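Beneath this line is the structure, given in structure tokens, with notes to follow.
The values are calculated or read from the model by the stated rules, or taken from the named source; none is laboratory data. On a predicted model such as this, the values are computed, not experimentally measured, just so you know. Note that each Cβ is placed from the backbone with ideal geometry, even for glycine, and that neighbours are counted across all protein chains shown.
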Amino acid sequence: MHAIGSRVALGVLSCLGVAALPAHPASAQLVRVYATNSGGDAVSIIDPASHKTVASLNDIEGAHGVAFSPDGSRVYISNEADSTLDRKRTS
């Protein structure tokens, strides 16, 4: 999984630190869990079936909250270190 990222200014964002999303909206059988690490600089993407990390989103220092676009194509991660919102592609 490769990510294309960008940042926008963060206003007020209230999200959970762990979120699950089907990797393809049409296929609810393929699910990934996005787990933030607010003490580090990465978000782990976990396959809940195997309990293994299958990918990670790096260079997001102080990642805290996770939210997804309505179509599931993008993940938004609050970055507490920079007070920004990082936007990445989910696939």
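Kindly provide the set of residues from region 60-91 that are charged (D, E, K, R) and without any contact (Cβ under 8 Å) to a residue 40 or more places away in the chain, ordered by number.
GLU61, ARG74
Counting just the residues of region 45-68 that are surrounded by 16 or more Cβ atoms within 10 Å (Cβ to Cβ) and under 12 Å from VAL31 (Cα atoms), which one comes out farthest from the chain's Cα centre (by Cα)?
ILE46
From ARG32, ARG7, grab the single residue that is under 12 Å from LYS88 (Cα atoms), among the charged types (D, E, K, R) and either at pLDDT below 90 or assigned to a loop (DSSP other than H, G, I, E, B) (or both).
ARG7
Specify the residue that is modelled with the highest pLDDT; the eligible residues are those in region 38-80 that are among the polar types (S, T, N, Q) and not in a strand (DSSP E or B).
SER50
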